[in-house]
Structure formats: structure tokens, C-alpha cells
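Working notes, beginning with the structure itself.
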There are 2 protein chains.
Amino acid sequence: MRDFSSNHEALSINTATLRKQWPLERIVEECARRGIRAISPWRDQVAQVGIGAVARQLKDAGIALSGYCRGGFFPAADEAGLARAIDDNRRAIDEAKRLNAPCLVLVVGSLPGALDGAPVHHDISRARGEVFEGIAKSLEYAIEADMPLAIEPLHPMQAADRACVNTLEQALDLCDALDPERARRLGVAVDLYHVWWDPKLERQIARAGRDRLLAYHVCDWLVPTKDLVCDRGMMGDGVIELKKCRQWVEEAGYTGFSEVEIFSDFWWSQPGERVLDTCIQRHRKCV
Amino acid sequence: MRDFSSNHEALSINTATLRKQWPLERIVEECARRGIRAISPWRDQVAQVGIGAVARQLKDAGIALSGYCRGGFFPAADEAGLARAIDDNRRAIDEAKRLNAPCLVLVVGSLPGALDGAPVHHDISRARGEVFEGIAKSLEYAIEADMPLAIEPLHPMQAADRACVNTLEQALDLCDALDPERARRLGVAVDLYHVWWDPKLERQIARAGRDRLLAYHVCDWLVPTKDLVCDRGMMGDGVIELKKCRQWVEEAGYTGFSEVEIFSDFWWSQPGERVLDTCIQRHRKCV
């Protein structure tokens, strides 16, 4: 297992971690100042600055991407909605390519309308079918663009509204069905916050292997957790066995970045400098 | 599939649904008045009244149990704690027997101390091992007492503090290991709130079959869900496909009660009469 204790070469910052404090330019600037070598930005943050400017700033700062957030949200109320989702995923693939991302992360979506509290139907099997079709269609375009797609299984508590792919096993079943050659065109983003609880985690990480492990995200699970979306913990403040899980991932062949992604009302209320410094410190000590 | 629309013969009320409004005697009284034929009471509610008095009242009212809540919470910080948990489960088995429960429901526990926000360790594999041992030991006693044990997989969002058995598959793996004869001594309590999201739900219900399906709980998953414990929905107010799931359970051979268990700050704030009447009405319409 790599030694993270003496430097933060492997650290990447998912820019959602600082979305309430700073615009993307400032996040990049502050990361560069601290010798952070990678980020994973969100589309809305990129759009705010302009993708050309972001690409230039990253190049000048020598900062790489560990992923691009995000494609997905395939299920829709009707055919037109499904088609719009495919179009939108193509644009996301183009943007990821422009920014030299190693993969586009897919949060696949679930019951249409549920995120606004008004699901238009309750058929999660239908949503899963639409996700399958949506990924299949996006994959053709992604292969042409040479941009790997990383399916991110989300915690089952987000199954209704954000993603109906909820275990690593389910994500890997999708990968096996759509990319049986394991040619690093379709894989998974393993975010420990979503999968830490899974009794099959170790086995499924081994099954994923180097070919399917396209991204690795860390934070922590707090006890108690007070909100289903915005109460993630800083590494070391919760119960996830971060080092044990990283060992599994590295034994499976993963050698990429370890990306910190913390959606947290608490950390969003703190000065950005403090958040970034804490990420670095905890990444050395706890990840 | 049984027709629930014209009567509520199959309805059972888990008494936690009304724990903030009424003591157990009053719950039994109000259920009897409405022709409800079964309840599933909690140990603390029974203890408050005295088990003898509860047994008599149930007998007089002609109300059966659909289960007894609950045993479990096996993992502990040390050997003494593990032994205390086994003792406590034996007492729960005795109580279940005294009340003629068809099964003792097991919420198995997880990281010791986590429920108080202070986990003494973070090793969920260790907790899972202790759960295995705890159920094995309790099962010997349960078999002597002829009291089936029903493992209840809890939602993964409760994996750290309440139960480290988080999928039906995991619960059934435990059953297969500890009761390979499938002699209705060890089975599962399927609470849709905890398992509805699972892409393997249908297959695992079929795998469970009549021998392992010892209890069936319903409520609903709200979008958005605002609390990890106390924001369950009334049937029909959320996104769980209640009828589809009941069809799977009945196709697998389940013929028992359909038990309404709603932990909800909202429903606890409503008059008990309104809650019970709504349970009956929604059970006919939505379950």
C-alpha cells in the first residue's frame, strides 16, 4: 500500500467540497498553492468560469483532473426527456475530454421528479432499465471520444432521487453487461461514503480490479448522521475504515488519485483555507 | 395475491407506531375496538405495563402477535458485554414465548457505542462476527423454547449504529449458515422500508421462501426523507411499490400478517385515533 503520510501527491480535491466558499478559479489557485496535484470539478462550477479559462488555468497550474462530475441522470418521464439526457451526457463527455479528465463520473439518476419531491412514477425497475439504456447509448459516444465512463454507486438512502445503482456489485454487473472486454471504457467510481457499509465490498473491489476502478473517493460516515445529503464527515471524524478499504483498492491494482469529496453544511460553513488544510492533514494521517 | 381492499384481517400494528401517543394498554384497546387482529409490541412498552397484564389483555381482546420487538444488539466492547447481550436475548425469547409471539425479531446491532455517538471501535467485520456468534448462541436457546428468530436487515444508513446486517441476502446467508435445515427456527423479518431499494430484492425474497419469511413490515419511503430514523412515511405517501413487493412475498409462500411500523415525528405528533384509522384505510388501499 502506498504511504500517504509524508506527502499529499495522491490527494485530489473534489471541488464540491468548497463550492459554498469559493468559485472554481479560487479553488484551483488555493489547491496549487498547497501543492495539490489534482481536482475533480463539477460542470456547473466549470460553466460559471468558462471551460476554456478553466482548461488554461489548470494547465498553467499543473493541476490534473481525477475525474469530471458528472454525467448521468438518465431516467426521464418521457422519450423526449430520455433523449435530452443522452444529449446532455454527450456534452459532458465533450467537456471531460476538453479538460483531459481520466473519466466522466456518472450519477445515474432514479425516479424522474423525485429530486424535486414529486416523482412522476414509482417504478425503480423502469428507472434501472432506462439507466442501462442510457449508459449503453452514452458509451458508444464515449468510446469514440476515448473518455471512460465511471458508474458511481450511490448510498441506498439516495436510491429514490439520485441514483438507482446502489451497490458496487450492481454497478459491476452493468459494466460486465455493457463492456465485457474490460477495456477501461466503462468502470466504477468507488466513493467509500456510499459503499462502506456493504458486506460484499471487499469481494466486489477485488472483482472490479484495475480495469474497472476508475476513481476513488473518500470522506467519512458520522455517527449520528443528521442529513441524508449534506452531513458527510472529514476523514477521521467517522467510522469508515479508510486505510483498510484503500488497501483493498490498491491490492486490486488501483494506483490513481484519492479524491476528497465532502458534502457538508458544517464544512461549507468553515473558511476555505481551513477546509483545504484539514483535508491535506487528514489525508496524510487517516486515508 | 390476497385481497386487502375489503377488510383488514391481515393488518398488524407495530406498537412503536403509537409509542408517543399511548401506553400499550391503550394501543391494544384501540386496536381491538377497530377489529385489528394483531400487534407487534416492544419490550419496553410491555415492561411498562407488566408482561402478565399484557398477556391477559391480549387474550381477552383476541389479539395475536405478529412478532415481538426485539432481540439483537449482540456486538459489545468486551466479553462481559457479549455475555450480557446473550442473557438479554434469552430473556427476550422467554418474553416472546410468554406472549405467544410467532417470532422474536432481531435488530442485530453494530459498532458498540455508536448509538450514543461514541463507537468504541470502527471494525464492522468484527461486529458482523459477533452478530454471527450471538445469533448462533441465542438460537440454541430459541430452539429449546421453540421460538423462531427473525433477523431483520436494516437499511444501510443504519449500518454503523443499529444493525450491521443490511441486505436480505446477507441475512439469508446467515440463516443458511446457522440453520441449513430450514426448519423455521431462523428466518428473516422483511421490512420494506429497509430493503425496498435493493436491486436483488425480488430474487432474495424468492430465495427466502415460506420457511424463512417470518415477518413482513410495511410503511413508505418519503422523498425527501428528512431524518435517518424518524421520518418514515405512511403507506401511499412515498415511493415504495408496496403491492408489487407483497406479490413477491406471497408468491414465495408468505401468508402471515402485514405489519405497519412507522417511526415518524410527524405521525407521532398526530392524535392516535387518526394514525390508527389512517393505517387501516391505507392498508386497504395501498398495501
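The values are calculated or read from the model by the stated rules, or taken from the named source; none is laboratory data. Nothing here was measured: the structure is a model prediction, and the numbers come from that model. All Cβ positions, even for glycine, are placed from backbone atoms using ideal geometry, and neighbour counts span all protein chains on display.
Observations on the structure shown:
- Selected residue (criterion: nearest to B:Val107 (Cα to Cα)) from residues of region B:175-191 that are surrounded by fewer than 22 Cβ atoms within 10 Å (Cβ to Cβ) and out of contact with any Leu (no Cβ under 6 Å at 6 or more places or on another chain): B:Arg185
- Residue under evaluation A:Val239, criteria (1) more than 10 Å from chain B (Cβ to nearest Cβ); (2) part of a loop (DSSP other than H, G, I, E, B); (3) touching a Pro at 6+ places or on another chain (Cβ under 6 Å), criterion not met: (1)
- None of B:Gly109, B:Gly134, B:Gly71 is more than 24 Å from A:Thr225 (Cβ to Cβ), in contact with a Phe, Trp or Tyr (Cβ under 7 Å, 6 or more places away or on another chain) and in contact (Cβ under 8 Å) with a residue 12 or more places away in the chain except B:Gly134.
- Of all residues assigned to region A:231-248, none qualifies as being closer than 17 Å to A:Ala171 by Cβ, modelled with pLDDT of 95 or more and not hydrophobic (A, V, I, L, M, F, W, C).
- All helices (runs of 4 or more DSSP H) inside region B:1-79 with 2 or more residues being closer than 24 Å to B:Ser138 by Cα and not aliphatic (A, V, I, L, M): B:43-49
- B:Leu111 meets the conditions (1) within 14 Å of another protein chain (Cβ to nearest Cβ); (2) within 19 Å of the chain's Cα centre (by Cα) in every case but one. The failed one is (2).
- Matching option when the condition is of a type in the set (D, E, K, R), in contact (Cβ under 8 Å) with a residue 24 or more places away in the chain and in a loop (DSSP other than H, G, I, E, B), among A:Asp277, A:Asp227: A:Asp227
- Of all the residues in region B:1-38, those that are basic (Lys, Arg), under 18 Å from B:Leu58 (Cα atoms) and touching a residue at least 24 places away in the same chain (Cβ under 8 Å) number 4.
- Here B:Gln247, B:Gln170 are screened, and the one residue that is touching a Pro at 6+ places or on another chain (Cβ under 9 Å), within 14 Å of chain A (Cβ to nearest Cβ) and surrounded by fewer than 24 Cβ atoms within 10 Å (Cβ to Cβ) is B:Gln170.
- Subset of region A:250-266 (residues that are surrounded by 19 or more Cβ atoms within 10 Å (Cβ to Cβ), over 12 Å from A:Cys219 (Cα atoms) and not small (Gly, Ala, Ser)): A:Tyr254, A:Phe257
- Positions within region A:129-154 being surrounded by fewer than 20 Cβ atoms within 10 Å (Cβ to Cβ) and within 14 Å of another protein chain (Cβ to nearest Cβ), in sequence order: A:Gly129, A:Phe132
- A:Ala101 meets each of the listed conditions (1) aliphatic (A, V, I, L, M); (2) in a helix (DSSP H, G or I); (3) crowded, with 17+ Cβ neighbours inside 10 Å apart from (2).
- Hey, A:Leu115 surrounded by 16 or more Cβ atoms within 10 Å (Cβ to Cβ) and touching a helix residue (DSSP H, G or I) at 6+ places or on another chain (Cβ under 7 Å) or not: no
Results for (1) touching a residue at least 24 places away in the same chain (Cβ under 8 Å); (2) of a type outside the set (A, V, I, L, M, F, W, C), shown as yes or no for each residue.
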position	(1), (2)
B:Lys200	yes, yes
B:Ala208	yes, no
B:Val218	yes, no
B:Val223	no, no
B:Ala252	yes, no
B:Gly256	yes, yes
B:Glu261	yes, yes
B:Arg282	yes, yes
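- Filter result (of a type in the set (D, E, K, R), facing chain B (nearest Cβ under 10 Å) and not in a loop (DSSP other than H, G, I, E, B)) within region A:200-219: A:Glu202
- Qualifying residue in region B:249-260 (condition: of a type in the set (D, E, K, R), under 20 Å from B:Val188 (Cβ atoms) and either modelled with pLDDT under 95 or part of a helix (DSSP H, G or I) (or both)): yes
- Residue check for A:Val195: away from chain B (no Cβ under 11 Å), crowded, with 22+ Cβ neighbours inside 10 Å and in contact with a Cys (Cβ under 9 Å, 6 or more places away or on another chain): no
- Taken over region A:156-195, the criterion of being within 17 Å of the chain's Cα centre (by Cα) and either in a loop (DSSP other than H, G, I, E, B) or modelled with pLDDT under 95 (or both) is satisfied by A:Ala159, A:Asp161, A:Arg162, A:Cys164, A:Val165, A:Asn166, A:Thr167, A:Arg184, A:Arg185.
Table: residues versus (1) out of contact with any Gly (no Cβ under 8 Å at 6 or more places or on another chain); (2) surrounded by 20 or more Cβ atoms within 10 Å (Cβ to Cβ); (3) basic (Lys, Arg).
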| residue | (1), (2), (3) |
| --- | --- |
| B:Arg70 | yes, yes, yes |
| B:Phe74 | no, yes, no |
| B:Asp78 | yes, no, no |
| B:Gly81 | yes, no, no |
| B:Ile93 | no, yes, no |
| B:Val105 | no, yes, no |
| B:Gly109 | no, yes, no |
| B:Val120 | no, no, no |
| B:Ile124 | yes, yes, no |
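- Scanning region A:121-155 for residues that are part of a loop (DSSP other than H, G, I, E, B) and more than 20 Å from the chain's Cα centre (by Cα) yields a count of 3.
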